[in-house]
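The values are calculated or read from the model by the stated rules, or taken from the named source; none is laboratory data. All of these numbers come straight from a predicted model, not from anything done at the bench. Virtual Cβ from ideal backbone geometry, glycine too; neighbours counted across all protein chains shown. These accessible areas exclude ligands, DNA and RNA; they are computed on the full protein's heavy atoms, side chains included. Shrake-Rupley method; radii C 1.70, N 1.55, O 1.52, S 1.80 Å.
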Amino acid sequence: IQNLGEAIGRRDLLTKKPDLGGKAALIDLATVLSAPHARVSHRDYRVQTAAHLPKMREQERCVAQRAMGGDHSILRECLNNEDRCVGVGAAGEIARKFGDLGLPEGTISFDDKGAAGHFYAAYSVHGMNFRLKGLAADSCFTAAYGGTLAILPPSGNTSLTVVGNTFGYGARGGQVFIAGRAGNRFGICLRKNAEGGGATIVVEGVASNAFQYMTGGVALVLGPTGPNLGAGMTGGVVYLLDADLDSLNQDYVKAEPVDLLDRVVIEEMLAAHVEATGSLNATLLLEKFDLRQYSKVTTRLLPETLE
């Protein structure tokens, strides 16, 4: 073997290190090291795909079927981090029958508590409501097209980080209210949907690299922001409370004072956040509203400069 390219596909060259410890020692590598070569050259991609998709949760199938029949359905659960993709199966059932626009408002509700696993409320469509009192892991609300999501900290402390990394990646619609903080890469690739709208999000703090590559939607951040906010952003609006201008990627975005039209938008978002989560922080901000506390972050780049 002269280079890495010649090693590709040569599983006969792979061996398991004899001195592995901890979690690494528990990994079963038999299917990687011992699979017949014929299995590689004659792959059944449909079987492979099915093997790696999360199983459809039967309770979701039931509430989705009832919702599609016109009933208002509620599914209440206590979740742990093994409960991945909660809501994804139901969203798929609905989208296959009714498309991205989904169902009438409030047709199907997920009322949860605990610590949800990855992809909670991902691919949500209109008519789906999620309420989680607890924590959500990475990739929550990924590629959502509609619906509502409210996340409340289990202790009521809104300074806690209650959602993980890459929240709302590629979301094109829906309303989100997070009474707490979020991890890294929040709101990546937020965008417009086919109807011209976008996601509306309220969160009480974000870590680094938030709102990268954002092209649509509106967000309101009521707490601290990590560095590199808005890198690659070409559209949409982010409102910041007590903005830290050093956190912005000023090659791409600029911050400016808000006007009276912005005030209407911010007050409506605060009021909706209070109604959805009962956030004390948002309640106080609404009662003692001060326009001077807010900044409006938009792109520096005009569409023609991107061509």
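Observations, loosely collected:
- Selection of segment 265-282 for residues being open to solvent by less than 80 Å² (accessible area, probe 1.4 Å) and farther than 25 Å from Thr234 by Cβ yields Glu267, Leu270, Ala271, Ala272, His273, Val274, Ala276, Thr277, Gly278, Ser279, Asn281, Ala282.
- Breaking point among (1) open to solvent by less than 50 Å² (accessible area, probe 1.4 Å); (2) among the acidic types (Asp, Glu); (3) under 24 Å from Gly183 (Cβ atoms), for Asp262: (3)
- Among (1) open to solvent by 10 Å² or more (accessible area, probe 1.4 Å); (2) among the hydrophobic types (A, V, I, L, M, F, W, C); (3) at positive phi - the single one Phe211 does not satisfy: (1)
- Filter result (assigned to a helix (DSSP H, G or I) and either within 21 Å of Leu135 (Cβ to Cβ) or open to solvent by less than 60 Å² (accessible area, probe 1.4 Å) (or both)) within segment 63-96: Val63, Ala64, Ala67, Met68, Val88, Gly89, Ala90, Ala91, Gly92, Glu93, Ile94, Ala95
- Gly223 being under 10 Å from Arg172 (Cα atoms), surrounded by fewer than 24 Cβ atoms within 10 Å (Cβ to Cβ), over 15 Å from the mean Cα position of the chain (by Cα) and not basic (Lys, Arg): no
- Residue among Gly198, Gly216 that is touching a residue at least 12 places away in the same chain (Cβ under 8 Å), open to solvent by 20 Å² or more (accessible area, probe 1.4 Å), among the small types (Gly, Ala, Ser) and more than 19 Å from Ser159 (Cα to Cα): Gly198
- Within segment 11-64, the residues that satisfy the criterion of being small (Gly, Ala, Ser), closer than 30 Å to Ile108 by Cα and at pLDDT below 85 are Ala50, Ala51.
- Of all residues in segment 244-259, those that are open to solvent by less than 40 Å² (accessible area, probe 1.4 Å) and without any contact (Cβ under 8 Å) to a residue 40 or more places away in the chain total 3.
- When restricted to residues that are buried (at least 21 other Cβ atoms within 10 Å of the Cβ) and not aromatic (Phe, Trp, Tyr), segment 138-163 contains 15.
- From the options Asp138, Asp100, residue that is more than 16 Å from the chain's Cα centre (by Cα), touching a residue at least 40 places away in the same chain (Cβ under 8 Å), over 20 Å from Ala272 (Cα atoms) and part of a loop (DSSP other than H, G, I, E, B): Asp100
- Any chance Ala121 is closer than 13 Å to Ile201 by Cβ, out of contact with any strand residue (DSSP E or B) (no Cβ under 7 Å at 6 or more places or on another chain) and either open to solvent by 10 Å² or more (accessible area, probe 1.4 Å) or among the hydrophobic types (A, V, I, L, M, F, W, C) (or both): no
- Segment 124-135: number of residues that are part of a strand (DSSP E or B) and either among the β-branched types (Val, Ile, Thr) or over 19 Å from Val202 (Cβ atoms) (or both): 0
- Within segment 148-183, the only residue that satisfies the criterion of being of a type in the set (Val, Ile, Thr), in a loop (DSSP other than H, G, I, E, B) and over 19 Å from Asn209 (Cβ atoms) is Thr158.
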